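Q: This is the structure, below, for whatever I ask next.
The values are calculated or read from the model by the stated rules, or taken from the named source; none is laboratory data. Keep in mind it's a predicted model, so treat the numbers as computed, not measured. When we count neighbours, we look across all protein chains shown, and the Cβ atoms used for this are built from the backbone with ideal geometry, even at glycine. Only protein heavy atoms, including side chains, enter the accessible area calculation; ligands, DNA and RNA are left aside. Shrake-Rupley method; radii C 1.70, N 1.55, O 1.52, S 1.80 Å.
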Amino acid sequence: MAKIKFQSLTGMHDILPEDQVYIKRIQKVVESVVNSYSFEKIETPILENVEVFQKAVGDDTDIVGKEMYTFRTKGGDMVALRPEGTSGVMRSYLENGMHNLPQPVKLWYTGPFFRYERPQAGRFRQFHQFGFEAIGDASPSTDSQIIQMSYDVLKELGFKNLTIEVNSIGDQECRPYFKKILTSYLKSKRSSLCTDCQRRLKENPLRILDCKEEKCQRVRAGAPQMIDHLCEKCHAHFKGVLEFLDELELPYTLNPYLVRGLDYYTKTVFEIVETSEDGKSLGTLIGGGRYDNLSKMLGGIEIPACGSAAGIERIVSLMKTREMKTGPKKEEPKIFLAQLGQLAKRKSMKLFEDFRSAKIPVAESFSKDSLKAQLRSANKLNIRWVLIFGQKEALEDFITLRDMNSGVQQEIKLDKVLEEMKGKLAQER
């Protein structure tokens with residue numbers, strides 16, 4: 001076989017038909033959940049002004065500093081392929097005057113996102129997410145609703161042993177004081193931190209708590225905890241969130257070192273992780289939190305908001321590994337439509353549409369001219385009933401029905417075919 005000249009770019013992947021059934025299942029479950037909670041779909045552009053993400057996500061984050069695809073357009077604008085969904089949704093909320101609508105405005109999205117990172121299992125440079133955003137409400141009930149919805153999606157997909165890790169990272173009132181305490185502790189451990197975290201110590205010490213390097217996690221284990229330094233307002237809010245989670249009987253655990261990696265987060269942050277039988281985390285499936293400062297970062301007034309997002313490829317990969325259900329199987333055709341000659345082919349296409357309109361699945365092979373080849377196709381599909389449309393049949397408006405089990409054939413008037421086949425199929429049920 002000749003060497004393939006063109007291949008997909010590194011980190012980009014084709015979503016083949018065998019994966020589409022899993023994606024369809026995820027979308028169906030997500031749509032069921034969002035409809036229950038009256039969330040409405042939004043689609044934002046894949047390209048945004050680069051400052052949308054620089055201001056919202058943070059210049060010193062890996063996403064903006066290392067992973068974002070940016071380029072200058074022919075008109076001179078500096079743009080970025082969106083690396084995440086929340087910033088674009090908030091930009092749209094502000095631009096389209098959604099603050100004039102009844103609050104909270106409840107939105108959901110799904111689509112492709114882009115990050116230039118080292119490709120590995122379940123991680124791609126073009127990937128897909130779904131997400132929920134509730135904008136315009138400060139109540140702890142909104143946080144708990146977003147967490148409940150995220151949990152519902154995973155449960156309905158068939159995931160078990162789920163735990164919600166939750167924390168509060170405070171707000172602009174209490175976080176500066178905590179940063180000072182944390183920085184003081186981390187400076188004393190500077191030599192034990194990885195190179196990236198030594199840089200983060202100056203720029204954003206909170207992000208060190210999110211580092212996955214083992215040496216940094218050892219340092220983190222002795223670090224002060226934000227939860228002990230919350231202001232009265234943040235403490236009351238977090239207490240309210242936990243009371244809702246208790247009432248909803250959701251399985252949660254406090255993770256005092258959970259911060260999430262983006263600058264716009266305030267107060268509640270959470271991740272839903274899958275755990276093994278012995279309680280060990282198998283990785284995050286959905287994450288999110290509150291982002292009350294994001295609107296202000298993008299030039300608006302302060303608007304409370306909360307949301308979550310999940311990577312679809314990771315969920316698909318786990319569903320495939322565990323052979324999880326993708327929903328009811330597609331109904332297999334029990335009728336095969338064979339044809340011979342151009343007139344018969346044209347009339348067959350019209351008949352095929354009649355069957356489709358009647359919601360009766362029919363297999364066909366319009367690209368083949370040989371009756372023998374078409375009957376072989378019907379045999380491979382294990383189809384009993386074959387409708388044969390030849391030149392004579394096309395001219396005289398009838399069709400020949402062959403029972404592949406017995407070999408018996410009968411002629412049926414063209415205008416009676418649908419009715420006749422409905423009867424045959426009903427007898428087999």
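Q: In region 298-323, which residue that is of a type in the set (A, V, I, L, M, F, W, C) and farther than 20 Å from residue 241 by Cα is most open to solvent (accessible area, probe 1.4 Å)? So that I can check it myself, show each step before the final result.
A: Applying the first criterion (of a type in the set (A, V, I, L, M, F, W, C)) to region 298-323 yields 298, 301, 303, 305-306, 309-310, 312, 315-316, 318-319.
Within this subset, residues satisfying the condition of being farther than 20 Å from residue 241 by Cα are 298, 301, 310, 312, 315-316, 318-319.
Values: 298: 44, 301: 127, 310: 2, 312: 9, 315: 0, 316: 12, 318: 26, 319: 0 Å².
Residue satisfying both the conditions and the ranking: 301.
Q: Within region 385-429, count every residue that is within 47 Å of the chain's Cα centre (by Cα) and open to solvent by 80 Å² or more (accessible area, probe 1.4 Å).
A: Count: 7.
Q: Now for a separate question. Considering 21, 33, 50, which residue is without any contact (Cβ under 8 Å) to a residue 40 or more places away in the chain, surrounded by 11 or more Cβ atoms within 10 Å (Cβ to Cβ) and of a type in the set (Val, Ile, Thr)? Steps first, answer last, please.
A: On the way: 21 fails: without any contact (Cβ under 8 Å) to a residue 40 or more places away in the chain; 33 fails: without any contact (Cβ under 8 Å) to a residue 40 or more places away in the chain.
Residue meeting the stated conditions: 50.
Q: Would you kindly identify the helices (runs of 4 or more DSSP H) lying entirely within region 168-221 that contain at least 3 residues that are open to solvent by less than 10 Å² (accessible area, probe 1.4 Å), at negative phi and without any contact (Cβ under 8 Å) to a residue 60 or more places away in the chain? Outline the logic, then answer.
A: On the way: elements: 175-188, 195-203, 214-220.
Answer list for region 168-221: 175-188.
Q: Oh, and also: For residues that are modelled with pLDDT under 85 and surrounded by 15 or more Cβ atoms within 10 Å (Cβ to Cβ), tally how many sit in region 325-340.
A: 1
Q: Taking residue 330 as meeting all but one of (1) in a loop (DSSP other than H, G, I, E, B); (2) in contact (Cβ under 8 Å) with a residue 60 or more places away in the chain; (3) over 30 Å from residue 99 (Cα atoms); (4) of a type outside the set (Gly, Ala, Ser), write down the number of the exception.
A: Among (1) in a loop (DSSP other than H, G, I, E, B); (2) in contact (Cβ under 8 Å) with a residue 60 or more places away in the chain; (3) over 30 Å from residue 99 (Cα atoms); (4) of a type outside the set (Gly, Ala, Ser), the lone unmet condition for residue 330 is (2).
Q: Here is a check on your reading of the model: is residue 146 out of contact with any helix residue (DSSP H, G or I) (no Cβ under 6 Å at 6 or more places or on another chain), open to solvent by less than 10 Å² (accessible area, probe 1.4 Å) and aliphatic (A, V, I, L, M)?
A: Here the answer is yes, as residue 146 does meet what is asked.
Q: Next question, about the same structure. Take region 265-280 and flag every residue that is in contact (Cβ under 8 Å) with a residue 60 or more places away in the chain and within 25 Å of residue 243 (Cβ to Cβ). If you could, list the steps in order and put the result at the bottom.
A: Residues of region 265-280 that are in contact (Cβ under 8 Å) with a residue 60 or more places away in the chain, as a first pass: 265-277.
Residues satisfying the conditions are 265, 266, 267, 268, 269, 270, 271, 272, 273, 275.
Q: Which one of these is closer than 12 Å to residue 37 by Cβ and open to solvent by less than 10 Å² (accessible area, probe 1.4 Å): 159, 132? Write out each step before concluding.
A: Numbers: 159 fails: closer than 12 Å to residue 37 by Cβ.
Criteria check complete, one pass: 132.
Q: Would you pick out the residues in region 1-18 that are open to solvent by 90 Å² or more (accessible area, probe 1.4 Å) and without any contact (Cβ under 8 Å) to a residue 60 or more places away in the chain?
A: Within region 1-18, 1, 3, 4, 5, 6, 7, 14, 17, 18 qualify.
Q: Kindly list, by first and then second residue, each pair from a residue in region 365-386 that is at pLDDT below 90 to a residue that is assigned to a loop (DSSP other than H, G, I, E, B) and not hydrophobic (A, V, I, L, M, F, W, C), limited to pairs with Cβ atoms under 6 Å and residues at least 6 apart or on different chains.
A: 374/365; 374/368; 377/365
Q: Moving on. Cβ-Cβ distance below 8 Å, separation of 6 or more or different chains: which pairs start in region 94-108 with a residue that is under 16 Å from residue 141 (Cβ atoms) and end on one that is of a type in the set (Asp, Glu) and in a strand (DSSP E or B)?
A: Here the result reads 106/40; 106/133, each pair linking region 94-108 to a residue that is of a type in the set (Asp, Glu) and in a strand (DSSP E or B).
Q: Hey, another quick one. For region 389-429, how many residues are in a helix (DSSP H, G or I) and polar (S, T, N, Q)? Spell out the reasoning first.
A: We begin by selecting, within region 389-429, every residue in a helix (DSSP H, G or I); these are 391-396, 414-428.
Pick out the ones that are also polar (S, T, N, Q) and you get 391, 427.
So the answer is 2.
Q: Can I ask one more? Listed residues 87, 32, 8; which is in a loop (DSSP other than H, G, I, E, B) and hydroxyl-bearing (Ser, Thr, Tyr)?
A: On the way: 87 fails: in a loop (DSSP other than H, G, I, E, B); 32 fails: in a loop (DSSP other than H, G, I, E, B).
Exactly one residue qualifies, and that residue is 8.
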